[in-house]
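Encoded as C-alpha cells, the structure appears first; notes follow it.
The values are calculated or read from the model by the stated rules, or taken from the named source; none is laboratory data. These numbers come from a predicted model, not from an experiment. Cβ atoms come from the backbone with ideal geometry, glycine included; neighbour counts cover every protein chain shown.
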Amino acid sequence: MLMKRLSSGLLVILSVLLLSGCWDRWELNELSIITGMAIDKSDENYELTMQSINPAEIASQEIGNGYAQSFNTTEIAPTIHESLRKHVNKSPRRAFISHLQVLVISEEVAREGITNILDFFYRDHEVRSDFFVLVAKDDQRAKEIMGIVTPLENVPSQNMFDSLQYGARSYGGTRIVTLDDLYQDATAPGIEPSLMGVTVVGDLEEGQERSNAEKNTPSTTLLMEGLAIFRNNALVGWLNQDQSKGLNYITGDIRDSVGSFTCPNSQEDEFALESFKERTKYDVRIVNHKPIIDLTVDIGAHISEVNCKDLDLSKEENFYLIQEQAEQEFVATLQETVKEAKAHQADIVGFGQMIHRKHPTVWEQLEDNWAEEFPNVEVTYEVNINITDTGNIINSFSEDD
Amino acid sequence: MSVRLRRRYKQNKQPATNVHDHISPHAMNNFHQIMKRTGESDDILHRSFTFPTTNTKATLIYVDGTVDSQAVEKILSRAKFYSSKNDESYQSYFNEVGTTKLHTSIPGILPELLSGHVVIFIDGETSAYSVSLLKMSERTITEPLTETVIRGPREGFIESLRVNTSLVRRRLADEKLRFEPRTIGSRTKTKINIAYIEGIADESLLTELRQRLDRIETDSILEDGNIEELIQDATYTPFPTVYSSERPDTVTSHLLEGKTAIFVDGSPFVLIVPALFVQFFHNAEDHTQRADIASLVRLLRFGAAFIALLAPSLYIAITTFHQELIPTRLLGNLAAQSEGTPFPTFIEAVLMEITFEILREAGIRMPQPVGQAVSIVGAIVIGQAAVQAGIFSAAVVIVVSLTAIASFVFPSYSMASPFRILRFGFMGLAASFGLLGISVGFTAMLLHLSSLKSFGIPYMSDLSPFVYSDQKDALIRLPKWMMKERPKTTDHQDVERQHTRKPSPDR
C-alpha cells in the first residue's frame with residue numbers, strides 16, 4: 001500500500017518534471033543582452049539596430065580579449081518583432097530585450113509618427129517599460145548614434161542611459177521619458193508627449209573607432225540636448241536646453257539644478273543659483289468662459305557663484321535684489337517654454353489635463369478642439385525663490401581688500 | 001571432520017540440560033549454575049568467604065568492572081563481625097553497604113548481576129541477595145561538542161544516566177521534579193528515565209509518552225536516536241519532531257516550560273518532547289546574551305535558514321528563467337562568468353552542492369589530524385581550480401559557499417538535515433519551473449510543516465496556530481522580566497512564572 005502510494009507519487013513528480021522539459025529556459029550564455037535599440041527608416045520598412053553587450057568585455061574580471069564591449073546588428077523587416085528575432089541570424093545568441101535601456105528613434109521616423117513602432121513595445125511580454133525613449137536630433141541616423149564609442153562608458157546605450165539618469169539629478173536640462181511616461185502622454189487627452197533629443201558632436205567616422213575612447217579629448221561625443229515636441233504622436237518641433245529646463249520646472253520634474261542670472265547692479269556680470277528644492281502648484285480660473293492657468297513655482301536655492309561687482313551680500317536688501325532678479329529671469333524662461341509649445345500647437349505641459357482636473361465641464365467643451373484652443377490659453381507665472389545660503393563665503397573677494 | 005565438530009559442539013551444549021531455576025542451598029552450586037548460564041564468561045568473578053560467628057559459607061559473585069571493588073572488599077572484611085545473635089538479618093546487614101534486594105530464583109538474579117549488582121549466595125539459604133554497587137568507569141563531564149556557547153555553562157551530558165539526571169537535579173532542586181524509570185530492550189535492558197515537573201507538564205502528554213515508550217518491543221536500544229525513531233509522530237518527513245540536546249541547562253529550561261525529557265543510559269543526548277519548529281532555531285546562548293542581540297541573532301538564523309534552503313534554487317531560477325529580475329550591470333557580470341562554461345546552471349549548482357556535501361561528510365568522518373588536509377583540498381578544488389578551469393562559474397561557487405556557511409548557522413544539527421535534503425528538491429523545481437516551481441514547492445513545504453504534530457501539539461505552534469503571548473520567545477526573545485507566563489502551547493497549568501517588575505532604581 002505504502003509502496004504503491006510512494007511510487008505513484010514519484011511517477012507524478014517525475015512526469016511533471018520531465019514532460020514540461022524546461023521549455024522557456026535560457027542560460028545566460030545563450031542570451032544576447034540587448035541594451036539599446038535604434039529605429040531608422042529604410043524605404044518602406046523599419047531598420048532596427050540592436051546593441052547587445054559583450055559580457056566578457058564589460059566584466060571587471062580580466063577574462064576579455066580587449067574587444068569592443070558591445071556589438072550592433074541591423075535588421076530590416078516589416079515589423080519590429082521580426083527584425084528582433086532575425087537578430088540571431090547575425091549573432092550566435094538569442095536576442096533578450098528585458099534589459100533594454102534606451103530606444104533611439106530617428107527624427108525622420110518620429111516626424112511620421114511613433115504610434116506604429118511603439119505598439120510592439122507595449123504589447124510584448126518580455127519588454128520592461130522602464131527604458132528611456134529618445135529622438136536622434138539634427139537628422140542624425142539613430143543607427144550611427146549607437147556606434148559612438150566614448151570614454152568612461154564604452155557601451156553607447158549605457159552611456160545615454162547614465163547621462164540622462166544623472167543629468168536629471170544634477171542639471172535638469174534633460175528630461176527622463178520612459179516608455180511608461182510616453183504611453184501615458186501619448187494616450188491621455190490634454191497632454192502631448194515630449195522626448196529627449198540626442199545627437200553626435202564631432203566627426204562621425206572617428207567616433208566609431210575605438211581610438212575615440214582612448215583620447216583625453218575624444219573627437220566625438222554624444223550630446224543629450226533638446227526636447228522633441230509631438231503633436232498627435234508625430235514630431236513637430238524642438239525645445240532648446242533652457243526651454244527643456246523650463247518645462248521641467250513647470251511639470252515639477254527637476255531635483256537639483258544650477259542657473260545663471262544677470263546681476264541686479266550691472267548688466268554684464270552674472271551670478272549663479274543652485275536650486276535644491278522645487279515645487280510647482282497650479283490653479284485654473286475661468287474668466288469670461290475662458291480658462292486662465294496660474295502657475296506658482298517655489299524654489300529653494302542658495303547662491304553658488306557671484307561675479308557681481310560691489311554687491312554686499314551681508315546686507316539683507318541685496319538678498320532681495322538678487323531674488324527678485326532671479327525670479328524675473330525665471331518667469332521669462334517659463335514664458336519662453338510655453339510660447340514655443342504654443343507655436344507648435346502641442347500641449348506638452350499638460351494644460352489640458354490641468355483644466356480637466358479643475359473644471360471638467362469646461363474641459364468637455366474644449367477637448368475636441370484642444371490643439372487650436374491651446375495657444376489661446378492665458379497663463380500667469382509666479383516664481384518664488386527662497387535663497388537660504390551664500391555658500392562657504394559671504395562676499396566675493398575684491399581687489400580693494 | 002565437520003561431523004565431529006558438530007558433535008563436539010553438541011557435547012559442549014550438554015550441561016544446559018542441568019539448568020535449573022531454583023536457588024540451591026549450596027552457595028557454590030549457584031555459582032556454577034550462573035557460570036553455565038553465562039557460558040563461563042571471563043568477566044564474571046566470585047569470592048568465597050565465611051561468616052566466622054556462624055561458620056556459614058557464602059559466595060559473592062559480580063561482573064568485573066561494573067561494581068565498586070572497594071565496596072566488595074568492605075563486604076568481605078566486615079563478614080567476620082556479623083553476628084546472627086543481634087537479630088540482624090542478612091539483608092539489613094548488606095544494606096549498610098548498598099541497596100539490597102532479595103531474590104528467590106536464578107533468572108531473577110541474572111539481570112541484576114549483569115547491571116552492576118553484587119550477588120551473594122549463602123549456604124543453607126534458598127534465596128540470594130543482590131547489592132547495588134554499580135560503579136563503571138565513565139567519561140568526565142566536558143563541554144558539549146554541539147550547541148557550544150560563548151557565555152553560559154560549559155557542562156554537557158555524558159553517557160551515564162545517573163550523572164545526567166544529577167546534572168539536571170542540580171539546576172532544578174524542586175521536589176516536583178520526577179524521574180520515572182523504564183527499561184527498554186529485551187537484550188540491552190537499557191535504562192531510561194522520563195523527566196518532568198509534576199504540576200507543569202501536561203498529564204495527557206505524559207500518558208501518551210508512557211504509552212509510546214511501552215509500545216516499543218525491541219531487543220536493543222543503543223542510544224537516544226533509537227528511541228526517537230520509535231516514538232516520533234511522523235516518519236515520512238524530513239523534519240525532526242523530537243528535540244535532542246547535549247546541554248543540561250537547555251533540558252532544564254524546557255522542563256520548566258512544561259515539556260518532558262527522556263534520558264537514555266549510554267547516550268550523552270537527552271530527548272525533549274514535544275518539539276516545535278521554532279525551538280530548533282533557539283540556542284542556550286539566546287538566554288545568556290542580552291535580549292536585543294539575542295533577538296537579532298535569532299532573526300539572522302531564520303534568514304540563514306532561508307539562504308540554506310533557497311539560495312541555489314533562487315540563483316538557478318533567476319539566471320535561467322527570470323533574467324529580467326537582475327540589475328543590468330549585475331547581469332552583465334553574471335553573464336561574463338558563465339561565458340564558456342560547459343554545463344547548464346542547474347548541473348553546475350548540483351555538482352557543486354554534491355562536492356560540498358562530500359567534503360562535509362569527509363570532514364566529519366576523517367580522523368582529526370587529516371581533517372585539515374580535507375579543508376585545504378576542498379578550498380582549492382571548489383574555490384580556485386574549478387573556476388579557473390572554466391568548469392564552474394564563479395557566481396555558482398559564491399552561491400554554494402554562501403549556502404554552506406548559512407547551513408552551519410543552525411543551532412540544532414537535526415534541523416540542518418531537512419534543509420540539506422530539501423535544497424536539492426528546490427533546485428530541481430527551480431530548474432524546471434523557475435520561481436513558479438519554487439513558490440509551489442515552498443507552499444507545499446509550509447503545508448506539510450503545518451500538518452505535522454509533535455505529541456499532539458502542532459509543529460508550527462506559536463506561529464500557526466498563532467499564539468500572541470508566546471511570541472515573546474519565538475522569532476525574537478523579549479527581556480526576561482516580560483516573560484511573566486510560561487508558553488501557552490506546552491503549558492496549561494501553573495501558568496505564572498514570575499512577578500519580577502521591570503528593573504529600575506528605586507525612586
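Annotations
- Residues of region A:1-24 that turn out to be of a type outside the set (A, V, I, L, M), within 13 Å of chain B (Cβ to nearest Cβ) and farther than 30 Å from A:I117 by Cβ, as a count: 6
- Single residue of B:L60, B:L45 found to be in contact (Cβ under 8 Å) with a residue 60 or more places away in the chain and within 18 Å of B:S115 (Cβ to Cβ): B:L60
- Taken over region B:290-316, the criterion of being among the hydroxyl-bearing types (S, T, Y) and in contact with a helix residue (DSSP H, G or I) (Cβ under 6 Å, 6 or more places away or on another chain) is satisfied by B:S313, B:Y315.
- Top-ranked residue in region A:38-60 [being touching a residue at least 40 places away in the same chain (Cβ under 8 Å) and of a type in the set (G, A, S); ranked as farthest from the other protein chains (Cβ to nearest Cβ)]: A:A38
- Of residues in region B:434-466 being surrounded by 15 or more Cβ atoms within 10 Å (Cβ to Cβ) and among the aliphatic types (A, V, I, L, M), the one farthest from the other protein chains (Cβ to nearest Cβ): B:L463
- Single unsatisfied condition, A:T35 versus (1) touching an Asp or Glu at 6+ places or on another chain (Cβ under 9 Å); (2) within 14 Å of another protein chain (Cβ to nearest Cβ); (3) in contact (Cβ under 8 Å) with a residue 40 or more places away in the chain: (1)
- Filter pass, A:N216 being in a loop (DSSP other than H, G, I, E, B) and in contact with a Pro (Cβ under 9 Å, 6 or more places away or on another chain): yes
- 2 or more residues in contact (Cβ under 8 Å) with a residue 60 or more places away in the chain and not assigned by TED's automatic domain parsing to the domain that holds B:L114: qualifying helices (runs of 4 or more DSSP H) within region B:154-261: B:161-171, B:203-215, B:248-256
- Entry remark, region A:158-211: residues being part of a loop (DSSP other than H, G, I, E, B) and among the polar types (S, T, N, Q) number 1 in total.
- Residue match in region B:285-296 (condition: closer than 30 Å to A:S157 by Cβ and in a helix (DSSP H, G or I)): no
- Residue, surrounded by the most Cβ atoms within 10 Å (Cβ to Cβ), within region A:104-131, restricted to residues that are within 13 Å of chain B (Cβ to nearest Cβ) and of a type outside the set (K, R): A:F131
- Residues in region B:306-315 include none that are facing another protein chain (nearest Cβ under 7 Å), buried (at least 18 other Cβ atoms within 10 Å of the Cβ) and either under 42 Å from the mean Cα position of the chain (by Cα) or closer than 24 Å to B:L475 by Cα (or both).
- When B:L110 is tested against (1) hydrophobic (A, V, I, L, M, F, W, C); (2) under 27 Å from B:I75 (Cα atoms); (3) modelled with pLDDT of 90 or more, exactly one condition is not met: (3).
- Comparison of A:I105, A:I58, A:I33 shows that the only residue that is more than 23 Å from the chain's Cα centre (by Cα) and under 30 Å from A:E209 (Cβ atoms) is A:I58.
Rundown of residues vs (1) within 14 Å of another protein chain (Cβ to nearest Cβ); (2) at pLDDT 90 or above, yes/no style:
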position: B:F277; (1), (2): no, yes
position: B:A294; (1), (2): no, yes
position: B:G332; (1), (2): yes, no
position: B:V350; (1), (2): yes, yes
position: B:E353; (1), (2): no, yes
position: B:I376; (1), (2): no, no
position: B:A385; (1), (2): no, no
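- Residue among A:Q101, A:Q69 that alone is in contact with an Asp or Glu (Cβ under 7 Å, 6 or more places away or on another chain) and within 11 Å of chain B (Cβ to nearest Cβ): A:Q69
- Test: A:R94 is within 9 Å of chain B (Cβ to nearest Cβ) and of a type in the set (D, E, K, R): no
- The sole residue among B:T341, B:T319 that is crowded, with 24+ Cβ neighbours inside 10 Å and either touching a Leu at 6+ places or on another chain (Cβ under 7 Å) or within 14 Å of chain A (Cβ to nearest Cβ) (or both) is B:T319.
- Remark: B:L402 matches the filter, which requires a residue to be assigned to a helix (DSSP H, G or I), at pLDDT 90 or above, within 28 Å of B:L331 (Cα to Cα) and not assigned by TED's automatic domain parsing to the domain that holds B:Y236.
- Matching option when the condition is in contact (Cβ under 8 Å) with a residue 12 or more places away in the chain, crowded, with 21+ Cβ neighbours inside 10 Å and of a type in the set (S, T, Y), among B:S295, B:S267: B:S267
- Checking each residue in region A:264-295 for being hydroxyl-bearing (S, T, Y) and under 24 Å from the mean Cα position of the chain (by Cα) picks out A:S275, A:T280, A:Y282.
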